[in-house]
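The values are calculated or read from the model by the stated rules, or taken from the named source; none is laboratory data. Fair warning: this is a prediction, and the values are worked out from it, not measured in the lab. So basically every Cβ, Gly included, is an ideal-geometry build from the backbone, and we count neighbours across all protein chains shown. For accessibility, only protein heavy atoms count, side chains too; no ligands or nucleic acids. Shrake-Rupley method; radii C 1.70, N 1.55, O 1.52, S 1.80 Å.
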Amino acid sequence: MVEIFMNDSFIGKVFSYFKDDSPKVIVITGASAGLGRSIAREYAKLGCSIALLARGEDGLSGAKEEVEKLGGKALIKQVDVADAGKIEEIADDIEDELGPIDVWINNAMVSVFSPVNEMLAEEYKRVTEVTYLGQVYGTLAALKHMRKRNKGSIIFVGSALAYRGIPLQSAYCAAKHAIEGFYDALRAELIHDKSKIKTCMVQLPAMNTTQFELVKSRLPNKAKPMGKIYQPEVAARAIVYAAKHNRREIYVGYPTLYSILGNKIAPWLGDHVLAKEGYKGQQTELKEDPDRLNNLYAPVPGDHGSHGSFDKDASSKSTELWLSMNKNKIFIGLGVITTIGWILKKKMRQNLDLKSSEQF
């Protein structure tokens, strides 16, 4: 009876919310730079063992050094997430070397900034293989182990662009749309199976990451994030939170929220707004070098860190995200305040009634 009460009652849910169920073994794809690097730092602060997956040796070495300085344990696995067999093999190795995988974060991506009429078929294929199928392959590898224990958490790194395609990023937008469809199907199946494996798709806004210096681009000027820009640490905190909670989606930043909702209400309006503003809004005033190296087919040498070149324009916090992450505490607080108010009001009425009766 006690166990049933603790599992199903309000008090049981509160107890579960506050108990220590911190993950121990984390897998991050695309961990050598950008958002993946920031996620690794967040988990390192918690003392986790972290498997860092990426193609670039220099970036992986830098990420490993950061993780260990922050108190975590790092395991480097150099791999292209487009290789399904290798991803499954590496998942087996991680379990052997670090222990049961608690959290798998599908973060790796590549992209091409280009008008559709200048894109090549092989470029669409490559972006799809990494940005979409890389998340599918990672999920299959994680599920292979998590299903045995009926435990774990799989995070999909999405985007507002999973709902609203924008010009000059057709390959990336299509891949993110595909992830959304795969995720919808998977989550429904896990619910059907009464699985205890947690899932969440974290939808991101424009981020100040290294991708704008590394992805392939045919734009005349250097690419930049469009709209309000956030530091990758904001999204990293959201992802760490998402891994502990079985939320269907988390929107990072108000631009993500209004982009998704706006597209559901009036997609035709988005077409015209983006046709007018989407080209200039994704480019700086600086000319792009058409011969610069890009990471579409191979990593760009060097350790590129997590931040891009837009630090002065990027926000390090999101009020919308804070409210989303703390909504349970806010509701509990409001409930407590309302209850206290009701008790005080009732007490005041009793006192007034008592005084009235004394006068008569």
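Scanning the stretch 53-67 finds one or more residues that are modelled with pLDDT of 95 or more, in contact with a Pro (Cβ under 9 Å, 6 or more places away or on another chain), among the small types (Gly, Ala, Ser) and assigned to a loop (DSSP other than H, G, I, E, B).
Do we have any residue at all in the stretch 221-241 that's free of Cβ contacts under 8 Å to residues at least 24 places away in the same chain, open to solvent by 50 Å² or more (accessible area, probe 1.4 Å) and of a type in the set (A, V, I, L, M)? No, because not a single residue in the stretch 221-241 is free of Cβ contacts under 8 Å to residues at least 24 places away in the same chain, open to solvent by 50 Å² or more (accessible area, probe 1.4 Å) and of a type in the set (A, V, I, L, M).
Got at least one residue in the stretch 68-84 being open to solvent by less than 70 Å² (accessible area, probe 1.4 Å), modelled with pLDDT of 95 or more, assigned to a helix (DSSP H, G or I) and more than 14 Å from Leu143 (Cα to Cα)? No - not one qualifying residue is present in the stretch 68-84. In the stretch 242-254, the residue that is nearest to the chain's Cα centre (by Cα) out of those that are farther than 20 Å from Ser22 by Cα and open to solvent by less than 10 Å² (accessible area, probe 1.4 Å) is Val252. Scanning the stretch 197-243 for residues that are polar (S, T, N, Q) and either closer than 24 Å to Gly59 by Cβ or at pLDDT below 95 (or both) yields Asn208, Thr209, Thr210, Gln211, Ser217, Gln231. Working only within the stretch 175-202, note down all residues that are basic (Lys, Arg) and either over 23 Å from Val240 (Cβ atoms) or touching a Ser or Thr at 6+ places or on another chain (Cβ under 6 Å) (or both). Those that are basic (Lys, Arg) and either over 23 Å from Val240 (Cβ atoms) or touching a Ser or Thr at 6+ places or on another chain (Cβ under 6 Å) (or both): Lys176, Arg187, Lys194, Lys198. In the stretch 279-299, the qualifying residues are those that are over 15 Å from Val112 (Cα atoms) and not polar (S, T, N, Q), and the one that is least open to solvent (accessible area, probe 1.4 Å) is Gly281. Here the condition is being crowded, with 18+ Cβ neighbours inside 10 Å, modelled with pLDDT of 95 or more and part of a loop (DSSP other than H, G, I, E, B); of Ser38, Ser32, it holds for Ser32 alone. Considering the stretch 113-207, the qualifying helices (runs of 4 or more DSSP H), each wholly inside and each with 3 or more residues that are without any contact (Cβ under 8 Å) to a residue 12 or more places away in the chain and surrounded by fewer than 22 Cβ atoms within 10 Å (Cβ to Cβ), run over 121-127, 170-192. Cβ-Cβ contacts under 9 Å between residues 6 or more apart (or on different chains), taken from a first residue in the stretch 56-68 that is closer than 11 Å to Ala40 by Cβ and among the charged types (D, E, K, R) to a second residue that is part of a helix (DSSP H, G or I) and open to solvent by less than 60 Å² (accessible area, probe 1.4 Å), are listed as Lys64/Ala40; Glu66/Arg37; Glu66/Ala40; Glu66/Arg41; Glu66/Ala44; Glu68/Ala44.
Would you check if Glu358 is more than 30 Å from Leu219 (Cα to Cα), modelled with pLDDT under 95, part of a helix (DSSP H, G or I) and in contact with a helix residue (DSSP H, G or I) (Cβ under 6 Å, 6 or more places away or on another chain)? Answer is no for this residue. Summed over the stretch 236-288, residues that are touching a Lys or Arg at 6+ places or on another chain (Cβ under 8 Å) and in a loop (DSSP other than H, G, I, E, B) total 5.
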